[in-house]
Amino acid sequence: MIENTFGINIVPENEAGRLDALKRYRITDTPSEESFDGIARLAAQIFNTPVSLLSLVDAESVFFKANVGMGKATRANRGKSLCALAVMDEKVTVFEDALKEPCLIANPNVTGDFGLRFYAGAPLITHDGFLIGTLCIIDQKSRLFSDAERLILEGLARTAMDHIELRRSSLDTIDEVKQVNSQLNKTRKNLEQAVHELAEFNMEMEATNDELNKVNNELSKSYDLTVLLNTSLKNSEQRLKSFISKAPVAFGILAGRELMIEVANDMILKVWGKTGSVIGMPLAKALPELEGQPYLSILDGVFTSGNAYTGDTAHVKLEYEGIINDCYFDFIYEPLKNEHGETVAIIVIANEVTYRINKKKRLEELNQQLQIALHAGRLGSYNLDLKTGIMSCSEICKANYGVANEDPFNFDDLMNSILPEYREYVKKEVNSSVKNALPYHAEYMIRWPDGSLHWMSASGLPGYDSEGNPANMNGVTIDITKRKNYEVQKDDFLGIASHELKTPITSLKATIQLLTRMKGNPGHEMVPRLIDQAAGSMKKLNALVDDLLNMHRISEGQLELKKEIFNVSKMLDNCCNDIRFIGKYNLVIDGDREASVFADENRIEQVVVNFVNNAVKYAPNSRDIYLFIETVDNGLVKVSVKDNGDGIDPAIQPFIFDRYYRANHQGKKYSGLGLGLYISSEIIKRHEGDIGVESTLGEGSRFWFTLPAKEAV
């Protein structure tokens, strides 16, 4: 009876069939294997969880085929393991906060010292639909789990199931090979017995010939003896033919240079896909599909040279039931010679290895898929010899450290590339991993040979020799510089956003407090000025909030576009009126006044306003701001905003459309979140247009974008 801590049924309706399906894989309670450990490690790295398990749910126990983060545990009680719940549903089972799940309030993994808070498990589904286990990730902190993350976990579970299927297929292949070897041993013994019988027969024939010579003069008296010898010869020939016919290897004899099929046993007829009717036919006529293949030419060479020919995993196209199939054989063509040393026939002995070759190809395809996955994820792999410090690294692994593929890169080179402040930390993590037989993981900063700095994430698992001594460490590396830089940018942005939002709010609060004091005296001379000040704070606050909302919509793919055909010149005439009212700047519109575009007018006006506001902010002394309209090639309209300000440093121009980027112009600081140009860039991209900047220091800047002139067909 299973101990059930969940308070709900944990036994599927198809339990008997499910357990039978699990048994056929012969995988429960078996040692760990690198292919499965690698998948569990990859899951833990992708989802940044301390625990990842590849589990197999048996009748009463849950066996861990791969274990990351649970020490040396190899199994768990089914009634306590959350994996027992995951095999009840083909979808990913997720508990984002275990304390909020009624079925887990009595589970010792949740309420006990382990403190499980988060669990996500994707079932391992067999080809015939049984759920035999899970690939799960576990954390001691509650967390959200998105649909995209569920799809990734499902994909890893399918990969794990493919490996389980492949493992089962390999075990079946091994059993088949053992069976074939056993049959071959029996065949060899039978052949040895046949040779022995033939030798005895030859001795009998020699004795008979001597006897015939002696009694030649008494031929009439030896008639009965001759009949007896002929009968014995026929019986021996029949026994030999029977043995050859039933032999478990393909056997045939091709007579003469025409390669007439003289003998063909059952196995070779099965391989050819033919019946006994082909006996007596030339091989080329019996198997017309051999035309254009090299084997008829090879046979002719054996016949004329008298030398045997051996083929190893040779590829042959053979017809079976009207279909040409790709087959593979180990074979030998042995010339059969007469007493003059002349070849009179060729013995063909073959063993089909098609199944073995197809399995090998499948393994190679799986390895190729793994390499593609590593390449797609920019994961570099390495193997470190812990005794010598010599490392075998993939091309991506070396590239992660800025090293060319042909250059050596060993452990000493690795440590020298790490910045001094991280070296002791890395050594400590490696030594701890080797000492405790635990996975190794570290994040550290390195310096490339060209002097540039990069962040690296490295993981590995130590291996040991037969005596338990540390031998090597296998693992992967990935360049996380972009992620680290993004984290820094994100933190900076949060600080800037807090400051930028706080300033207008504080000003608005102070203004309202003053107006509150004057509510009894609405005619006070300061009231209009305070109202204007409050309106200015609200305008600034509204602009900041709009930027944040637009960025959120863009990130979530919810930025709606209401496209229509409109005249660009009219749109420019009607926008930026607040700038015109100031009276300090002239907005000069020039170019193709008739140009129209197919776009969302409000969004495009938002881009133009952002360009003009930037010109006012960063080029305050540029009284004239020019707005150009051009019709360019490929049915596009180009809109530009040009100022005569200080210009932009070429070094920062590639980054000004990035999210959160805020340029520091000649040491001056400006308000804002650094989102305006990023939002403008995303709006133009969603219109399938281009955006850019042209600027020279001291000569001003020109910001531009292009849009389709009419609706795309």
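The values are calculated or read from the model by the stated rules, or taken from the named source; none is laboratory data. Only a predicted model underlies this, so the values are computations on that prediction, with no experimental measurement involved. Don't worry about glycine lacking a Cβ; one is built from the backbone with ideal geometry, like all the others, and counts go over all protein chains shown. Keep in mind that these areas ignore ligands, DNA and RNA; they rest on the heavy atoms of the full protein, side chains included. Shrake-Rupley method; radii C 1.70, N 1.55, O 1.52, S 1.80 Å.
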- Working only within the range 106-117, note down all residues that are in contact (Cβ under 8 Å) with a residue 24 or more places away in the chain, out of contact with any helix residue (DSSP H, G or I) (no Cβ under 6 Å at 6 or more places or on another chain) and open to solvent by 40 Å² or more (accessible area, probe 1.4 Å). ALA106, PRO108, ASN109, PHE114
- Tally of residues being open to solvent by 60 Å² or more (accessible area, probe 1.4 Å), not in a loop (DSSP other than H, G, I, E, B) and not acidic (Asp, Glu) across the range 31-76: 3
- Task: Looking only at the range 79-92, decide whether some residue is open to solvent by 10 Å² or more (accessible area, probe 1.4 Å), β-branched (Val, Ile, Thr), touching a residue at least 40 places away in the same chain (Cβ under 8 Å) and in contact with a Gly (Cβ under 8 Å, 6 or more places away or on another chain).
- Result: yes
- Task: Please report, ordered by residue number, the strands (runs of 3 or more DSSP E) entirely within the range 397-487 with at least 3 residues that are touching a residue at least 60 places away in the same chain (Cβ under 8 Å).
- Result: 453-464, 470-479
- Message: Return the residues of the range 391-403 that are more than 12 Å from ASN474 (Cα to Cα) and exposed (fewer than 15 other Cβ atoms within 10 Å of the Cβ); say none if nothing qualifies.
- Response: GLU395
- Query: GLY460: modelled with pLDDT of 75 or more and over 30 Å from LEU414 (Cβ atoms), yes or no?
  - Reply: no
- Could you list all residues from the range 692-713 that are assigned to a strand (DSSP E or B) and surrounded by fewer than 20 Cβ atoms within 10 Å (Cβ to Cβ)? GLY692, VAL693, GLU694, ARG702, TRP704, PRO708
- Evaluate the following for ALA122: is it at pLDDT below 95 and within 17 Å of ALA43 (Cα to Cα)? no
- in contact with a strand residue (DSSP E or B) (Cβ under 9 Å, 6 or more places away or on another chain) and of a type in the set (A, V, I, L, M), is that true of LEU296? no
- Query: Pairs under 6 Å by beta carbon, first residue farther than 27 Å from ASP465 by Cα in the range 365-387, partner modelled with pLDDT under 90 and in a strand (DSSP E or B), six or more apart or different chains?
  - Reply: none
- Task: Find the residue count for the range 271-300, including only residues that are part of a helix (DSSP H, G or I), out of contact with any Cys (no Cβ under 8 Å at 6 or more places or on another chain) and either open to solvent by less than 60 Å² (accessible area, probe 1.4 Å) or over 15 Å from TYR320 (Cβ atoms) (or both).
- Result: 16
- Task: Name the single residue, out of those in the range 460-481 being crowded, with 21+ Cβ neighbours inside 10 Å and of a type in the set (Gly, Ala, Ser), that is farthest from ASN436 (Cα to Cα).
- Result: GLY475
- Number of positions in the range 610-641 that are open to solvent by 40 Å² or more (accessible area, probe 1.4 Å) and closer than 18 Å to ASN574 by Cα: 4
- Which condition number does ALA122 fail, the rest of (1) open to solvent by 10 Å² or more (accessible area, probe 1.4 Å); (2) outside any loop (DSSP other than H, G, I, E, B); (3) without any contact (Cβ under 8 Å) to a residue 40 or more places away in the chain being met? (1)
- Report, ordered by the first and then the second residue, all pairs with beta carbons closer than 6 Å, sequence separation of six or more or different chains, a first member in the range 585-606 that is surrounded by fewer than 19 Cβ atoms within 10 Å (Cβ to Cβ), and a second member that is acidic (Asp, Glu) and in a loop (DSSP other than H, G, I, E, B). PHE598/GLU711
- Task: Could you list, in sequence order, all residues of the range 401-429 that are within 27 Å of the chain's Cα centre (by Cα) and of a type in the set (A, V, I, L, M)?
- Result: VAL403, ALA404, LEU414
- Note on the structure: Flagged in the range 146-171 as within 28 Å of ALA21 (Cβ to Cβ) and hydrophobic (A, V, I, L, M, F, W, C), in numbering order, are LEU151, ILE152, LEU153, LEU156, ALA157, ALA160, MET161, ILE164, LEU166, LEU171
- Task: Find the residue count for the range 248-263, including only residues that are open to solvent by less than 40 Å² (accessible area, probe 1.4 Å) and more than 23 Å from GLY306 (Cβ to Cβ).
- Result: 1
- Looking at (1) part of a loop (DSSP other than H, G, I, E, B); (2) in contact (Cβ under 8 Å) with a residue 24 or more places away in the chain, which is the one condition that is false for GLU13? (2)
